[in-house]
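Engineer: So that we are looking at the same thing, I have put the structure below in structure tokens.
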Amino acid sequence: MVTSLSNHDPNPIPIPTTSPIRHLSRTRSRRWRQGRTSTAIIAAISLLISSSAWLSLVFSNTTPLSFYHLKHWDSTPQSSPLPPHPTTPKTASTPPQNSTPHPPNDLSLNHIIFGIAGSAQLWHRRREFIRLWWRPNEMRGHVWLEEQVMVSDPSLPEIRVSEDISRFRYTNPTGHPSGLRISRIVSECFRLRLPGVRWFVLGDDDTIFNVENLIAVLKKYDSSEMVYIGSPSESHSANTYFSHSMAFGGGGIALSYPLAEAVSKIQDECLERYPKLYGSDDRLHACISELGVPLSREYGFHQWDIRGNAHGLLSAHPIAPFVSIHHVEAVDPFYPGLSSLDSLKLFTRAMRAEPRSFLQRSICYDRRRRLTFSVSLGYVVQVFPNIVLPRELDRSEQTYSAWNKLSNRNEFDFDTRDVYRSVCKKTILFFLKDVGKNGNVTVGSYGRAKGRDDLKRKVFCFPRSVPLRDVKDIRVLVNPLSENWHLVPRRLCCKVNQTRGELLELTVGQCQRGAFRSMADYV
């Protein structure tokens, strides 16, 4: 078979179909396709190399092992916790004690391990605060110091020295590297492998715990799941700087066993990613955030980032079980006329007398004399010389300043109200002076504080007389709260019983189910 160069040529020249020209063209086409394939392969390899280089720059602060963890974190739902950092001591495997849910009602103090952060320089003074709430024969836990102290006291928790933290980077210009040591207390507690542990509770050596209410709050949660419990700061500036979703360590942090186990496996590696953070609780929060566990906020944990007179907060406690209070040295004594330590002794004595109702509030009215009674159990009875509505009383009277010493109302992450300036609106205060039991009824005796404004009231508030002018003491009878009051809490009810000379008596307890009274009944 032949073809011609032109159909119009009269003398066509035969050209074979496999001519040298056609062969050369096919050879060049094959080489071009091969070259194009090689170019694509080289481009793909270059893209892979450049991507790896970019990722290595992004994660330059992590080890190759930690980058592998980050790469595979989201690929496997419900994956097992990450393996420990190479510098973490190896320990024996933990028995699956939390593999099945525990009945919450059988939770006791023996199921809780306390990790208390302390300082050897302050231990001789701070130990007196721990003594106020610690129960040596019922509780388990340790005080973690930076060095050993020559003190042995069986009425206090065992002292342990924290591990060396010099291998970790700390670059925050205003903080202190002790934050690294304190943040690792949960891991060091976990590695003790104490039996029967369900919760790890962290706090400071100047923190007071109400352990009965702590147990009641923890019973609300499943200890076989990863749970992170606590509360942010009272200071808006502190929450903005650190996080509004972080549990502040001084106010107390509770971690379930599975969460503590997961944290212990990644914490040393995690700390390397956060050298710029300030303290311990923000480092712990950062590692828990990497595990994807949010904060379960409980309003009874109090970081207490305030200074000065704490009256406004103590007299307007949230309607929630009181669990903890921090920075007890940074505020004035709670009760007038007592030292700071003696004041805390009375405070904790009232707390132990009736833990559930401690610091719970009640409001009642004397319609005839147009008086308002606001009771903060275990602390104070306030008598207002007029009718004050509950919405106003629920706001904390700002008698204090923020931790940064500013007093602007915007400095606080809760409702506040200004202090009454008018002498005719100021309250008459009756502070707790003694507490006891009469059967199952708690009896508190509240004494009238010395009134510096009584003379001014007589002059400027005429013709109204000084409220309860002849009353020197108020006795408050408190009926016990039900075991599950904290699950659906409600402000307590009270009534004015009688006035006999210098003594007035109030009765406080849970409101009857479904019972309510309109303010029209009072005003």
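The values are calculated or read from the model by the stated rules, or taken from the named source; none is laboratory data. Nothing here was measured: the structure is a model prediction, and the numbers come from that model. Cβ: placed from backbone, ideal geometry, glycine included. Neighbour counts: every protein chain shown. For accessibility, only protein heavy atoms count, side chains too; no ligands or nucleic acids. Shrake-Rupley method; radii C 1.70, N 1.55, O 1.52, S 1.80 Å.
Engineer: Does any residue in region 130-143 that is farther than 11 Å from ASN210 by Cα come within less than 6 Å, Cβ to Cβ, of a residue that is of a type in the set (Asp, Glu) and surrounded by fewer than 17 Cβ atoms within 10 Å (Cβ to Cβ) six or more places away or on a different chain, and which pairs are these?
Structural biologist: Once the first residue is farther than 11 Å from ASN210 by Cα and sits in region 130-143, its partners that are of a type in the set (Asp, Glu) and surrounded by fewer than 17 Cβ atoms within 10 Å (Cβ to Cβ) give HIS142/GLU158.
Engineer: Only one of ASP281, ASP305, ASP205 is of a type in the set (Asp, Glu), at pLDDT 95 or above and touching a Lys or Arg at 6+ places or on another chain (Cβ under 8 Å); which?
Structural biologist: After ruling out the rest, the residue left standing is ASP205.
Engineer: Please find, among GLY451, GLY447, the residue that is of a type in the set (Gly, Ala, Ser) and assigned to a strand (DSSP E or B).
Structural biologist: None of the others qualify; the one that does is GLY447.
Engineer: If ARG367 passes every condition in (1) touching a strand residue (DSSP E or B) at 6+ places or on another chain (Cβ under 9 Å); (2) modelled with pLDDT under 95; (3) of a type in the set (Lys, Arg) but one, which one does it miss?
Structural biologist: The single condition ARG367 does not satisfy is (1).
Engineer: State all residues of region 208-261 that are out of contact with any Lys or Arg (no Cβ under 8 Å at 6 or more places or on another chain), of a type outside the set (A, V, I, L, M) and farther than 30 Å from LYS405 by Cβ; if no residue qualifies, say none.
Structural biologist: LYS219, LYS220, TYR221, ASP222, SER224, GLU225, TYR228, PRO258, GLU261
Engineer: A further question follows. Scan region 279-306 and report the pairs whose first residue is within 30 Å of MET351 (Cβ to Cβ) and whose second residue is open to solvent by 30 Å² or more (accessible area, probe 1.4 Å) and not in a loop (DSSP other than H, G, I, E, B), with Cβ atoms within less than 7 Å and a gap of 6+ or a chain change.
Structural biologist: Sorted first by the residue in region 279-306, then by its partner, the pairs are SER280/ILE182.
Engineer: Looking at (1) over 16 Å from PHE430 (Cβ atoms); (2) open to solvent by 10 Å² or more (accessible area, probe 1.4 Å), can you tell me which one GLY337 breaks?
Structural biologist: Among (1) over 16 Å from PHE430 (Cβ atoms); (2) open to solvent by 10 Å² or more (accessible area, probe 1.4 Å), GLY337 violates only (1).
Engineer: Mind listing just one residue for me: the one in region 146-165 that is hydroxyl-bearing (Ser, Thr, Tyr) and open to solvent by less than 90 Å² (accessible area, probe 1.4 Å) and, of those, farthest from GLU128 (Cα to Cα)?
Structural biologist: SER162
Engineer: Of (1) modelled with pLDDT of 95 or more; (2) on the phi < 0 side of the Ramachandran plot, ARG193 satisfies all except one. Which?
Structural biologist: ARG193 satisfies all of (1) modelled with pLDDT of 95 or more; (2) on the phi < 0 side of the Ramachandran plot except (2).
Engineer: Here's a follow-up. Within region 396-417, is even one residue of a type in the set (Lys, Arg) and in contact with a Pro (Cβ under 9 Å, 6 or more places away or on another chain)?
Structural biologist: Within region 396-417 (the criterion being of a type in the set (Lys, Arg) and in contact with a Pro (Cβ under 9 Å, 6 or more places away or on another chain)), the answer is no, since none of the residues qualifies.
Engineer: What is the residue count in region 430-460 for residues that are in contact with a Phe, Trp or Tyr (Cβ under 7 Å, 6 or more places away or on another chain) and among the small types (Gly, Ala, Ser)?
Structural biologist: Count: 2.
Engineer: Moving on. For region 420-446, give me each residue that is open to solvent by less than 60 Å² (accessible area, probe 1.4 Å), free of Cβ contacts under 8 Å to residues at least 40 places away in the same chain and under 24 Å from ARG370 (Cα atoms).
Structural biologist: TYR420, SER422, VAL423, SER445
Engineer: Kindly evaluate GLU212 against the criterion of being in contact with a Pro (Cβ under 9 Å, 6 or more places away or on another chain), among the acidic types (Asp, Glu), open to solvent by 10 Å² or more (accessible area, probe 1.4 Å) and farther than 23 Å from GLU269 by Cα.
Structural biologist: yes
Engineer: Can you tell me which residue is farthest from the chain's Cα centre (by Cα) among those in region 449-498 that are of a type in the set (Val, Ile, Thr) and open to solvent by 50 Å² or more (accessible area, probe 1.4 Å)?
Structural biologist: The residue in question is VAL459.
Matching residues to (1) at pLDDT below 95; (2) out of contact with any helix residue (DSSP H, G or I) (no Cβ under 7 Å at 6 or more places or on another chain); (3) on the phi < 0 side of the Ramachandran plot:
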| residue | (1), (2), (3) |
| --- | --- |
| ASN410 | yes, no, yes |
| LYS425 | yes, yes, yes |
| ILE428 | yes, yes, yes |
| PHE431 | no, yes, yes |
| VAL435 | no, no, yes |
| VAL441 | no, yes, yes |
| TYR446 | no, yes, yes |
| ARG452 | yes, yes, yes |
| LYS456 | yes, yes, yes |
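Engineer: Sticking with this one: Among the listed residues PHE358, PHE301, PHE373, PHE322, which satisfies the condition of being buried (at least 23 other Cβ atoms within 10 Å of the Cβ) and part of a strand (DSSP E or B)?
Structural biologist: So the residue among PHE358, PHE301, PHE373, PHE322 that is buried (at least 23 other Cβ atoms within 10 Å of the Cβ) and part of a strand (DSSP E or B) is PHE373.
Engineer: Quick one: which residue in GLY308, GLY252 is buried (at least 20 other Cβ atoms within 10 Å of the Cβ) and at positive phi?
Structural biologist: Going through GLY308, GLY252 in turn, just one is buried (at least 20 other Cβ atoms within 10 Å of the Cβ) and at positive phi: GLY252.
Engineer: How many residues are in contact with a Ser or Thr (Cβ under 6 Å, 6 or more places away or on another chain) and open to solvent by less than 60 Å² (accessible area, probe 1.4 Å) if we restrict to region 388-410?
Structural biologist: Final tally of qualifying residues: 6.
Engineer: With respect to ARG181, determine if the residue is over 21 Å from HIS326 (Cβ atoms), in contact (Cβ under 8 Å) with a residue 12 or more places away in the chain, outside any loop (DSSP other than H, G, I, E, B) and not polar (S, T, N, Q).
Structural biologist: Judged against the criteria, ARG181 is not a match.
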